[in-house]
1. Residue check: is P186 modelled with pLDDT under 65 and surrounded by 12 or more Cβ atoms within 10 Å (Cβ to Cβ)?
2. Hey, does segment 123-133 have a residue that's surrounded by 14 or more Cβ atoms within 10 Å (Cβ to Cβ), in contact with a Cys (Cβ under 9 Å, 6 or more places away or on another chain) and at pLDDT 80 or above?
3. Taking V70 as meeting all but one of (1) over 17 Å from the mean Cα position of the chain (by Cα); (2) at pLDDT 85 or above, write down the number of the exception.
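The values are calculated or read from the model by the stated rules, or taken from the named source; none is laboratory data. Please read these numbers as outputs of a predicted model, since none were measured by experiment. Neighbour counts run over all protein chains shown; Cβ positions are idealised from the backbone, glycine included.
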Amino acid sequence: MTHYAYLKTTLKLTALCTLLGFSFPNHAEAQGKLVVYCSVQNTTCEKVSQAFSKKYNVETQFVRHSTGTVLGKLKAEKDNPQADVWYGGTFEPHLQAGDAGLLASYRSPEQKNIMPQFKKLVEERGDTTSIIYLMELGMGINEKLLAEKISPIPNVTLTCSNLNLKIWCNIPILVYPARDIVFSRP
């Protein structure tokens with residue numbers, strides 16, 4: 001199985017189980033539907049919600065928010081949850097929500113299919129979260145401009161605050177400023 005096929009299979013296997021994994025007790029029963037706070041792309045939220053609804057014959061509604069916004073909503077709604085599931089988003093806020101007691105415990109049987117490099121994390125923290133997708137981040141470096149600041153360019157990892165590079169790393173199109181740069185030259 002190729003790496004891409006493995007990722008795709010892992011995503012499919014864990015996506016629906018993850019929907020169940022972060023359920024907030026009693027809200028779906030009381031309302032007769034499943035409300036999902038979704039922190040991935042809108043089209044993915046829609047497809048996953050529709051697939052879950054069709055497979056389990058449960059009316060499913062998603063509300064799309066960024067990960068930070070969902071975490072804030074969960075904190076504000078702690079005593080009166082308005083959603084049953086938190087699907088997707090960056091990992092750290094999920095850990096924070098679990099540590100704060102904002103997520104119900106559930107361990108999906110599909111966690112056994114998680115990629116080997118993430119098994120330890122899932123074993124330690126998998127009661128309130130699971131890995132459902134990966135994103136790659138690429139960065140280009142203009143060596144000519146960088147050489148004006150650092151010469152020679154080292155083969156090391158530097159934090160962006162080192163050598164007065166913070167402004168070089170805080171690119172407006174990034175959701176979060178880059179924290180590290182890896183310089184690797186042949």
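1. In short, no.
2. No, that holds for no residue.
3. (1)
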